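**Student:** Got a structure for you, written out below as structure tokens; questions coming shortly.
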């Protein structure tokens, strides 16, 4: 049986290329649009790209930190089944 088209190595390479090209075009489009900066940083080159990357990294780090406090043991549900 042939694997799903989204997990084929050739398709993954093509999708990465499309995503990188779309991101590069979005950053380069910043040259065509006038910016009004409200805080000073907003006028820097690629602000939306690096701000979005930073926000995503903070969210991932926060989720990992939250997972430390909310994590259950691997046998959490097995323990409930044995209690019956």
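**Student:** Read through the list (1) exposed (fewer than 10 other Cβ atoms within 10 Å of the Cβ); (2) on the phi < 0 side of the Ramachandran plot, then give the number of the only condition that residue 40 fails.
**Tutor:** (2)
**Student:** How many residues does region 1-12 contain that are assigned to a helix (DSSP H, G or I) and surrounded by 10 or more Cβ atoms within 10 Å (Cβ to Cβ)?
**Tutor:** Residues flagged as assigned to a helix (DSSP H, G or I) and surrounded by 10 or more Cβ atoms within 10 Å (Cβ to Cβ) within region 1-12 amount to 2.
**Student:** Regarding residue 54, is this residue part of a helix (DSSP H, G or I), modelled with pLDDT of 80 or more and surrounded by fewer than 10 Cβ atoms within 10 Å (Cβ to Cβ)?
**Tutor:** The answer is no for residue 54.
The values are calculated or read from the model by the stated rules, or taken from the named source; none is laboratory data. Here the structure is a predicted model, which means the values were calculated and not measured. Methodologically, a virtual Cβ is constructed for each residue, glycine included, from the backbone with ideal geometry; neighbour enumeration extends over all protein chains shown.
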